[in-house]
Amino acid sequence: MSELIILLPVFIPLIGAVVLLSGSRSLAFQKVGAVVFSGLTFLGAAYLLVLVDCAGHVVLQLGDWSAPYGISMVADRFSAVMVAISSLMTLLVALYAISEIDAARLRRFFFPVYLILIFGVNGAFLSGDLFNLYVWFEVMLIASFVLLSMGGERSELEGGLKYVCLNLFSSMLFLAGVGIIYGKTGTLNMADVAQSLAGSPDVSWAVSGSMLLFVGFSLKAGMFPFFFWLPASYHTPPPAVSAIFAALLTKVGVYALYRTYTLLFQPIFPEFQSILLVLAVLTMVIGVLGAASHFDITKILSFHIISQIGYIVLGLAIMTPLALAAGIFYLLHNIIAKTCLFLVGGLIIRLQGTGDLARIGGLSKSKPWLALLFFFPAFSLAGIPPLSGFWAKLGVVKAGLDVGSWVAVTAALLVGVMTLYSMTKIWAEAFWKAQPEGQPAAAKENMGSLAYMVIPIAVMAALTVAIGLFGEPLFEFSQRAADQLMNPQEYISAVLLDGGEDLP
Amino acid sequence: MEALIAVLVGVLFGAGTYCLMRRSIVKLVIGVMLISQAANLLVFTSGGLLGGRPALVPADGTVPPAPFGDPLPQAMVLTAIVIGFGLVAFLLALVARAHEQVGSDDMNAFNKTDT
C-alpha cells in the first residue's frame with residue numbers, strides 16, 4: 001500500500017488544522033502545533049519525492065475505483081518536487097510567522113487557515129482529475145481569502161476585495177472550460193482526456209476549452225495581461241502572508257499551465273506556442289518595469305513575482321526538453337529566492353516600521369548580518385553567478401538560443417539587468433544610504449527575539465547559495481522531470497493501466 | 001433545448017461581466033453570482049439534456065437502457081453550487097466590511113492600494 005504515501009502531504013496539514021481548531025486557543029499551543037504539523041508535512045513530502053524519483057509515478061485511485069471512473073491522485077517527478085518545495089516553504093514561513101504574526105491574528109486561528117492553505121496547494125499539485133483540481137483550487141483560494149483579509153484594516157480589505165473578485169472570476173472560467181472538455185470527451189481524468197484528445201482526428205473543438213483553462217490559470221499565475229490584481233493586493237497583508245502567497249499561489253497557476261499544456265493540449269499546442277511566447281516576454285518586461293517604478297520594498301517584490309513568472313512560462317512556451325527542465329529549475333529557485341526576499345522585507349519593516357525606501361536607511365551599518373541575508377536572494381533573483389538564479393536564467397536563455405527565438409532571449413537578458421537595477425535600488429536605499437533625518441533609528445531588538453525570523457531566512461539564503469554551487473543534481477532531477485512532461489504517454493499508462501497496483 | 005440553454009449561458013456570462021465592470025461594489029457581487037451561475041449551467045448542459053431518462057439500472061439488468069441522462073455533471077454542478085455559495089457568502093461579508101471601512105460603494109474610492 002505504499003501508494004498511500006501520496007496522501008501524507010495532503011492530510012497531515014488537514015489533521016493539523018483540525019487539531020489546532022479544536023484544541024486550546026493558547027498562543028504557545030497554536031505556534032508549536034503549526035510548526036510541528038508543517039514539519040511533518042515536509043517529512044511526508046520529502047519521503048514522497050524520494051519514492052517518486054525511484055518509481056517514476058505513484059498513482060493512488062481513491063476509493064479503489066479503477067482509473068477513468070474514480071478520482072486519481074498522481075505524483076510524477078514534477079508534482080512531487082513541487083509538493084516538497086512548497087511544504088519546505090510552509091515550514092520555514094511558519095517559523096517566521098511565530099514571531100511576526102500578532103496575537104490577535106493568532107487567536108483568530110491564523111495557523112489553522114494557514115495549514116488549510118497548504119492542504120489545498122498540495123492537493124492541487126497531486127490531483128489527476130480536472131474537476132478535483134478545481135475543488136483543490138477553491139480550498140486554496142478560500143484559505144488565502146481569509147489570510148489576506150484577516151486584519152480588517154482598510155488596505156487589506158481593499159486589496160482583498162480585488163483579489164477575491166478576480167480569483168473567483170478565474171475559477172469560473174476554469175470551471176466552464178472543464179465543463180466543455182467533459183461535454184466533448186465524457187471524462188475528467190486528465191490521463192483519459194489526454195488519450196481521447198491524442199486519438200481524435202480533429203481537435204479544433206478543444207481550442208475553446210483549452211483557452212478557458214489558459215485564461216483561468218494565467219489569471220492565477222499573474223501573467224500579462226491578467227496580472228493587475230497581484231500588485232494591488234500582495235503588499236497589504238503581513239509579510240509572512242505575502243511571502244507564502246508569493247511562494248505558493250502563483251506557482252500553482254504555473255504548475256497547472258505546465259500540467260495541462262504538456263499533458264492534455266499537446267496536439268493543439270504548436271498553434272498556441274507563439275501566443276504563449278509573446279505573453280511570456282510581455283509578462284517579464286511589464287513586471288520588471290512596474291517594479292522599477294515603485295519605491296516600497298513589498299511593492300517592488302510583488303512586481304518581481306510577475307516578471308519571474310514570465311521566465312518560467314517562457315520555458316513552457318519554448319517546449320524543448322532543455323526548456324522545460326530550465327523552467328522547472330527556475331520555478332524551484334524562484335520559490336526559494338522570492339520567499340526569502342519577502343521575509344527579509346518583512347524583517348526590514350519590523351526593524352524600521354516601514355517598507356518605504358525613502359524613509360529607511362543605514363541598515364548596513366546597524367545590521368550588517370541583515371545586509372548579508374538580503375544580498376544572497378536578491379542577487380540570485382537578478383541572476384548573478386554563482387547563485388542559483390544564474391543557472392536558472394542560463395538554462396532558459398540556452399533553450400531560447402537553441403530554437404533561435406532572439407527576441408525572447410534578448411528580453412530575458414535585459415529583464416535580468418532591470419532586476420539587478422531594482423535590487424541595487426533596495427540595496428542602495430535601505431542599506432547604504434545613511435539613516436534619513438528625523439526618522440527613528442532601527443529598533444533595538446536583540447537577536448534572541450528575532451531568532452525565529454532570522455533562522456528561516458538564513459536557511460533559504462544558504463539553499464540558494466547551495467543550489468548555485470552544487471546545483472547539478474537538482475538540474476539533473478529537473479531534466480528527469482522534464483522528460484516525463486515531454487512523454488505524456490508514460491503518465492497516461494501509469495494512471496490508466498498500472499493504476500491501483502502496489503509498487504514493487 | 002441545448003441551443004436555448006447555450007444562449008442563456010451566454011446572456012448570463014455577458015450580464016455578469018457587465019456587472020463586474022460597473023463601479024458599484026454591490027453590482028460586483030451580483031456579477032460574480034451571475035457568472036458563477038453561468039458556469040454551473042454550462043457544466044450542467046455539457047452532459048447533454050435528456051428529459052425523463054434517469055440513469056437507473058432496471059432490476060433485471062446491469063446497465064441503464066440507453067440513452068440515459070449523464071448523472072456526473074449533476075454531481076459536479078452540485079459541488080460547484082455549494083462552493084459558489086460559500087464563496088459568495090464570504091464575498092458579501094468582505095464587501096460589507098470594506099464598505100464600512102471605506103464609506104463608499106464606489107469602486108473608484110477603493111484606491112488606497114493602487115499607486
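The values are calculated or read from the model by the stated rules, or taken from the named source; none is laboratory data. None of these values were measured; they are calculated from a predicted model. Note that we place each Cβ from the backbone using ideal geometry, even for glycine, and neighbour counts take in every protein chain shown. Heads up: the accessible areas ignore ligands, DNA and RNA and are worked out on the full protein's heavy atoms, side chains in. Shrake-Rupley method; radii C 1.70, N 1.55, O 1.52, S 1.80 Å.
So, in segment A:146-155, exactly how many residues are facing another protein chain (nearest Cβ under 9 Å) and within 19 Å of A:VAL113 (Cβ to Cβ)? Spell out the reasoning first.
Initially, segment A:146-155 is screened for residues facing another protein chain (nearest Cβ under 9 Å), giving A:146, A:149, A:152-155.
Add one more test, that the residue is within 19 Å of A:VAL113 (Cβ to Cβ), and what stays is A:146, A:149, A:152-153.
Number satisfying all stated conditions: 4.
Could you look through segment A:186-203, keep only residues that are within 14 Å of chain B (Cβ to nearest Cβ) and outside any helix (DSSP H, G or I), and pick out the one that is surrounded by the most Cβ atoms within 10 Å (Cβ to Cβ)? Steps first, answer last, please.
Of the residues in segment A:186-203, the ones within 14 Å of chain B (Cβ to nearest Cβ) are A:186-189, A:192-193.
From the residues that got through so far, the ones that are outside any helix (DSSP H, G or I) too are A:186-189.
Values: A:GLY186: 16, A:THR187: 20, A:LEU188: 23, A:ASN189: 26.
Restricting to residues being within 14 Å of chain B (Cβ to nearest Cβ) and outside any helix (DSSP H, G or I), the top hit is A:ASN189.
Since A:HIS294 meets every condition but one in (1) touching a helix residue (DSSP H, G or I) at 6+ places or on another chain (Cβ under 6 Å); (2) in a helix (DSSP H, G or I), which condition does it not meet?
Unmet condition: (2).
Give segment A:235-246 a look and list any residue that's in a helix (DSSP H, G or I) and open to solvent by 10 Å² or more (accessible area, probe 1.4 Å), or say none.
A:PRO239, the sole residue that qualifies.
Would you be able to say whether some residue in segment A:120-132 is over 19 Å from A:THR250 (Cα atoms), open to solvent by less than 20 Å² (accessible area, probe 1.4 Å), at the interface with another protein chain (Cβ under 9 Å from one of its Cβ atoms) and in a loop (DSSP other than H, G, I, E, B)?
no
Suppose we filter segment B:88-107 for residues that are touching a residue at least 24 places away in the same chain (Cβ under 8 Å) and at the interface with chain A (Cβ under 8 Å from one of its Cβ atoms); how many remain?
3
Among all residue pairs at least 6 apart or on different chains, which show Cβ distances below 6 Å where the first residue, located in segment A:317-328, is of a type in the set (D, E, K, R) and open to solvent by less than 30 Å² (accessible area, probe 1.4 Å) and the second is modelled with pLDDT of 90 or more and outside any helix (DSSP H, G or I)?
That search, which allows pairs on different chains as well, returns nothing.
So which of A:LEU21, A:LEU40, A:LEU7, A:LEU92 is part of a helix (DSSP H, G or I) and free of Cβ contacts under 8 Å to residues at least 60 places away in the same chain?
Values: A:LEU21 fails: free of Cβ contacts under 8 Å to residues at least 60 places away in the same chain; A:LEU7 fails: free of Cβ contacts under 8 Å to residues at least 60 places away in the same chain; A:LEU92 fails: free of Cβ contacts under 8 Å to residues at least 60 places away in the same chain.
From the options A:LEU21, A:LEU40, A:LEU7, A:LEU92, the qualifying one is A:LEU40.
All but one of (1) more than 27 Å from A:HIS294 (Cα to Cα); (2) crowded, with 22+ Cβ neighbours inside 10 Å; (3) at the interface with another protein chain (Cβ under 9 Å from one of its Cβ atoms) hold for A:GLY183; state the number of the condition that does not hold.
Answer for A:GLY183: the failing condition is (2).
Got a number for residues in segment B:74-106 being surrounded by fewer than 19 Cβ atoms within 10 Å (Cβ to Cβ) and not in a strand (DSSP E or B)? Even if it seems obvious, please write down each step before you answer.
Residues of segment B:74-106 surrounded by fewer than 19 Cβ atoms within 10 Å (Cβ to Cβ): B:74-75, B:78-79, B:81-82, B:85-86, B:88-90, B:92-93, B:96-97, B:99-101, B:103-106.
Among the residues that remain, those that are also not in a strand (DSSP E or B) are: B:74-75, B:78-79, B:81-82, B:85-86, B:88-90, B:92-93, B:96-97, B:99-101, B:103-105.
Looking only at that region, the number is 21.
So which residues in segment B:39-66 are within 13 Å of chain A (Cβ to nearest Cβ) and either more than 16 Å from A:LEU130 (Cβ to Cβ) or under 13 Å from the mean Cα position of the chain (by Cα) (or both), if there are any at all? First the steps, then the outcome.
Filtering segment B:39-66 down to residues within 13 Å of chain A (Cβ to nearest Cβ) leaves B:39-49.
Residues satisfying the conditions are B:ALA39, B:ASN40, B:LEU41, B:LEU42, B:VAL43, B:PHE44, B:THR45, B:GLY48, B:LEU49.
List every residue pair whose Cβ atoms sit under 7 Å apart, with the two residues 6 or more apart in sequence or on different chains, where the first one lies in segment A:149-161 and is touching a residue at least 60 places away in the same chain (Cβ under 8 Å) and the second, anywhere, is β-branched (Val, Ile, Thr) and buried (at least 20 other Cβ atoms within 10 Å of the Cβ).
Listed by first residue and then by second, the contacts come to A:SER155/A:THR236; A:SER155/B:THR113; A:GLU156/A:THR236; A:GLU158/B:THR113; A:GLY159/A:THR236; A:GLY159/B:THR113.
Residues A:ALA232, A:ALA256, A:ALA221, A:ALA206: which one is of a type in the set (A, V, I, L, M, F, W, C), open to solvent by less than 20 Å² (accessible area, probe 1.4 Å), under 21 Å from the mean Cα position of the chain (by Cα) and modelled with pLDDT under 85?
Details: A:ALA256 fails: modelled with pLDDT under 85; A:ALA221 fails: modelled with pLDDT under 85; A:ALA206 fails: under 21 Å from the mean Cα position of the chain (by Cα).
Exactly one residue qualifies, and that residue is A:ALA232.
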